[in-house]
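Here is the structure we will look at, set down as C-alpha cells.
The values are calculated or read from the model by the stated rules, or taken from the named source; none is laboratory data. Just so it is clear, the structure is predicted and the values come from calculations on it, not from any experiment. No Cβ is skipped: glycine too gets one built from the backbone with ideal geometry, and neighbour counts run over all protein chains shown.
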C-alpha cells in the first residue's frame, strides 16, 4: 500500500509563524504591563506613606516650637523640620525623604482648647456690675465682677431676653491673666531679624515659605492695590492703606497706622502701634489677626476699629505692658463680627458679635451722646457657637489649656 504525502504551502507556514510571534508579543506586553502596574502601585504606596510621614512631622514640629531638627520614622524615612513663628501663628516647613520619593510641605498652625471650658467673657473683678441692655446674649462660661449681671436700660432700650445668660456665671480675678511675649514682639526689627530685605515691592507676586521671609520697608506711606501672597512682611514708618481691589493672602503688615478699605477680602496679619481701622464690609478670612502691642508708658492713644459689616476670623490682641488709665487701648465693634479670641488690656465697646472669647479690662458704650462703663447693648458674646475646628493664635495657650494643630498646609 502506497502512502500519499502532501506538502504544506509556504504561505501557511508563514502565517503560523507570524501568529506565534504575535501571541508571544502580546504575552510579553501583558507581562510588561503587569510588572509596570506593580511598580507604579509600589511607587504610589511609597509616596502615600511618605506623605503620611510628612504630615506626622508637620504636627510634631508644631508641638516642639521654634527650632530645626530631624525626625527619623519607623519606616526609615527622614523628615527635616524647620519650625518658626509667623506673626501670631506657627509656621512649620518639612521635607520628608525616601530612597525613591520625597515630599515637601509647609503648614500654618495654631492652638485649640483641650476641653470645651473656654470662657466666653472675662472681665476683672472691680466691684461694678455689668448692665445688659437690648437683645444682648451671653452664652458660655462668664467671669465677671462679684456683683454679677443686671438688667439695664439705655437709649430707650431695656433688656429683652428671659435670662441674663446661658451657661455659668463665675466670679473673676482682680486682673486679667498676664501674657508674656518676646522682646520686640510684632515690631519691624523683630521681623527684619529673621528676613531678607527687598528694595522694591513687586506688583503681583507669590513668596514661597520654602525661602527666607522677604521684608519690604518704606519711610513713606504704602498703598497696597496689587496681588501678594505668602512669605512677605510689608512695613511702613508712616502708614499702610490696603485698597479694596488688593488680593492679599497670608501676608504680614507692620505700621503705626493701618487702614483697610471698604469691601476688601483677604487673609492677613496687621501689627500697629497707633490705629487699625477697618472700613465697612471688610472680610479678613481665617486665619487673620489684628494686633496692637505697646511696650512702656506712652501718651498716645491706640485703637482698633471695625466698622459695620466687617468680619474678622482669627484673633484680636490689644496689649499694653504698662497700661496708663488716661490713654487706654480701645477696641470698637460697630455692628461687626469677630470669630476667634479677643484679648484687650484696655476698653472694649462691643456693638456686634463675638463668637469665641472676649478678655477685656473694661466694657465701654457710647450711646445717646454719653459714655457709659460696664454696659452691653444688643451684643452677642458666645463660646458655644464656635466651629469645633476653629484654632486660635498661639498666645491663647497662655489663657487656657490648649494643644497645637494644623490650620492649613501647602
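On the given criteria, is residue 250 part of a strand (DSSP E or B), surrounded by fewer than 19 Cβ atoms within 10 Å (Cβ to Cβ) and under 19 Å from the mean Cα position of the chain (by Cα)? Give the steps one after another, and end with the answer.
On the way: part of a strand (DSSP E or B): yes; surrounded by fewer than 19 Cβ atoms within 10 Å (Cβ to Cβ): no; under 19 Å from the mean Cα position of the chain (by Cα): yes.
No; evaluated as a whole, the condition is false for this residue.
None of 200, 215 is farther than 15 Å from residue 284 by Cβ, part of a loop (DSSP other than H, G, I, E, B), without any contact (Cβ under 8 Å) to a residue 60 or more places away in the chain and not assigned by TED's automatic domain parsing to the domain that holds residue 87 except 200.
The set of residues from segment 147-172 being assigned to a loop (DSSP other than H, G, I, E, B) and exposed (fewer than 12 other Cβ atoms within 10 Å of the Cβ) comprises 156, 162, 163.
Can you pull out every residue in segment 287-310 that is crowded, with 20+ Cβ neighbours inside 10 Å and part of a strand (DSSP E or B)? First the steps, then the outcome.
From segment 287-310, those crowded, with 20+ Cβ neighbours inside 10 Å are 287-294, 302, 304, 306, 310; that's our starting set.
Once the filter is applied, which keeps residues that are crowded, with 20+ Cβ neighbours inside 10 Å and part of a strand (DSSP E or B), segment 287-310 yields 287, 288, 289, 290, 291, 292, 293, 294, 304, 306.
Taking residue 298, is it in the same structural domain as residue 247 (by TED's automatic domain parsing) and farther than 23 Å from residue 378 by Cα? So that I can check it myself, show each step before the final result.
Values: in the same structural domain as residue 247 (by TED's automatic domain parsing): yes; farther than 23 Å from residue 378 by Cα: yes.
When the stated conditions are applied, residue 298 passes them.
Comparison of 242, 233 shows that the only residue that is closer than 20 Å to residue 199 by Cβ, touching a strand residue (DSSP E or B) at 6+ places or on another chain (Cβ under 7 Å) and crowded, with 19+ Cβ neighbours inside 10 Å is 233. The sole residue among 265, 254 that is touching a residue at least 60 places away in the same chain (Cβ under 8 Å) and touching a strand residue (DSSP E or B) at 6+ places or on another chain (Cβ under 9 Å) is 254. Residues that are in contact with a helix residue (DSSP H, G or I) (Cβ under 6 Å, 6 or more places away or on another chain) and assigned by TED's automatic domain parsing to the domain that holds residue 182 are absent from segment 278-295.
Taken over segment 255-286, the criterion of being part of a strand (DSSP E or B) and under 17 Å from the mean Cα position of the chain (by Cα) is satisfied by 265, 266, 267, 268, 269, 270, 271, 283, 284, 285, 286. Within segment 376-395, the residues that satisfy the criterion of being more than 27 Å from residue 107 (Cα to Cα) and surrounded by fewer than 22 Cβ atoms within 10 Å (Cβ to Cβ) are 378, 380, 382, 384.
For segment 60-91, which positions are under 16 Å from residue 395 (Cβ atoms) and buried (at least 20 other Cβ atoms within 10 Å of the Cβ)?
Step one: filter segment 60-91 for residues under 16 Å from residue 395 (Cβ atoms), giving 62, 65-66, 84-91.
Of everything in segment 60-91, those that are under 16 Å from residue 395 (Cβ atoms) and buried (at least 20 other Cβ atoms within 10 Å of the Cβ) turn out to be 62, 86, 87, 88, 89, 90, 91.
Would you pick out the residues in segment 312-341 that are free of Cβ contacts under 8 Å to residues at least 40 places away in the same chain, surrounded by fewer than 21 Cβ atoms within 10 Å (Cβ to Cβ) and either in contact with a helix residue (DSSP H, G or I) (Cβ under 6 Å, 6 or more places away or on another chain) or under 23 Å from residue 387 (Cα atoms) (or both)? Answer for segment 312-341, where residues must be free of Cβ contacts under 8 Å to residues at least 40 places away in the same chain, surrounded by fewer than 21 Cβ atoms within 10 Å (Cβ to Cβ) and either in contact with a helix residue (DSSP H, G or I) (Cβ under 6 Å, 6 or more places away or on another chain) or under 23 Å from residue 387 (Cα atoms) (or both): 313, 335, 337.
With segment 1-117 as the region, which strands (runs of 3 or more DSSP E) entirely inside it contain at least 1 residues that are under 30 Å from residue 384 (Cα atoms) and at pLDDT 85 or above?
Values: elements: 68-72, 78-86, 89-98, 101-113.
Output list reads 78-86, 89-98, 101-113.
Here is the figure for segment 179-197: residues that are farther than 19 Å from residue 273 by Cβ, free of Cβ contacts under 8 Å to residues at least 40 places away in the same chain and either assigned to a loop (DSSP other than H, G, I, E, B) or outside the structural domain of residue 397 (by TED's automatic domain parsing) (or both) total 1.
Condition (residue is at positive phi and out of contact with any strand residue (DSSP E or B) (no Cβ under 8 Å at 6 or more places or on another chain)) applied to segment 147-160: is it met by at least one residue?
The first filter runs over segment 147-160 and keeps only residues at positive phi, leaving 148, 155-156.
Adding the requirement that they be out of contact with any strand residue (DSSP E or B) (no Cβ under 8 Å at 6 or more places or on another chain) leaves 156.
Within segment 147-160 (the criterion being at positive phi and out of contact with any strand residue (DSSP E or B) (no Cβ under 8 Å at 6 or more places or on another chain)), the answer is yes, since at least one residue qualifies.
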